[in-house]
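Notes for the one structure printed next.
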């Protein structure tokens with residue numbers, strides 16, 4: 001079942017995976033960013 005080479009499968013079905021994943025990558029980047037602390041929050045580690 002399927003193609004003998006993954007590259008063939010990717011070529012044949014690439015149009016189904018046209019999403020550029022920019023939203024997911026932006027969300028991951030936001031998780032890496034420094035948190036914004038409110039006026040009543042003191043970070044325990046610097």
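Quick notes on this one:
- Nearest-ten-degree value, helix 22-32 long axis tilted from longest Cα axis of the chain: 30 degrees
- Extended-chain gain in nm, criterion 0.36 nm per residue less alpha-carbon gap, residue 32 and residue 7: 5.8 nm
- Per-pair calculated FRET efficiency, R0 = 30 Å: residue 20 and residue 45 via Cβ, rounded to 0.05: 0.25
Readers should treat all values here as calculations from the given coordinates under stated rules, not as data from a laboratory. Since this is a predicted model, take the numbers as computed values, not measurements. Here the Cβ is made from the backbone with ideal geometry for all residues, glycine too, and neighbour counts use every protein chain on show.
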